[in-house]
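Have a look at the structure below before the remarks.
What follows is calculated from the coordinates using simple rules that are stated; it is not laboratory data. If you're wondering where the values come from, they're calculated on a predicted model, not measured in any experiment. So basically every Cβ, Gly included, is an ideal-geometry build from the backbone, and we count neighbours across all protein chains shown.
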């Protein structure tokens, strides 16, 4: 019997759909970060994105929090995406007063995934950073206590990564 080749699925990309607030925020982000910052402004579905260098995360995030034009006072979530050749650390921000949202992204090497801790900017980053450290092995320099949050002390590997070996098992 001839071996059938598995066809990789085609994943459709969602179209950008920024509303008026998103368009206004994009213009403001471009205006503020156009000079002297190594950033890339974009959009993903209905959110404005700002891709930055990992080392500039604290300064940029502090500006996004403290500048009254942005007022990003709430860290909704911190997520990590494993693209195998790189890892993307994403900070999902929201302004409770202005009701706009932004995702700040930083790309790191999977061999040495290190970014500065943002606990000094948003205290809520504490558990998100610990979770990301547990599941993906991302180190957050300056974090006061990166003890395991989800896994037991001494757990081997990072189960959030694509290369983590999940063993097949049979249910009874």
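Residue under question is residue 115, and the condition is that it be in a strand (DSSP E or B) and over 24 Å from residue 23 (Cβ atoms); does it hold?
Values: in a strand (DSSP E or B): yes; over 24 Å from residue 23 (Cβ atoms): yes.
Criteria met by residue 115.
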Residue satisfying all of: in the range 99-114; without any contact (Cβ under 8 Å) to a residue 40 or more places away in the chain and out of contact with any helix residue (DSSP H, G or I) (no Cβ under 9 Å at 6 or more places or on another chain); farthest from residue 64 (Cα to Cα) among these: 111
Residue in the range 84-98 that is free of Cβ contacts under 8 Å to residues at least 12 places away in the same chain, at positive phi and either surrounded by 10 or more Cβ atoms within 10 Å (Cβ to Cβ) or assigned to a loop (DSSP other than H, G, I, E, B) (or both) present: no
In the range 19-49, the residues that are closer than 13 Å to residue 104 by Cβ and surrounded by fewer than 12 Cβ atoms within 10 Å (Cβ to Cβ): 40
Contacts under 9 angstrom Cβ, first residue in the range 150-161 being in contact (Cβ under 8 Å) with a residue 40 or more places away in the chain, partner surrounded by 11 or more Cβ atoms within 10 Å (Cβ to Cβ) and part of a loop (DSSP other than H, G, I, E, B), 6 or more apart: 160/137; 161/110; 161/137
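Yes/no matrix, rows are residues, columns are (1) under 29 Å from residue 17 (Cβ atoms); (2) in contact with a strand residue (DSSP E or B) (Cβ under 7 Å, 6 or more places away or on another chain):
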| position | (1), (2) |
| --- | --- |
| 36 | no, no |
| 58 | no, yes |
| 75 | yes, yes |
| 85 | yes, no |
| 98 | yes, no |
| 106 | yes, yes |
Odd one out for residue 61, checked against (1) under 27 Å from residue 123 (Cβ atoms); (2) over 14 Å from the mean Cα position of the chain (by Cα): (2)
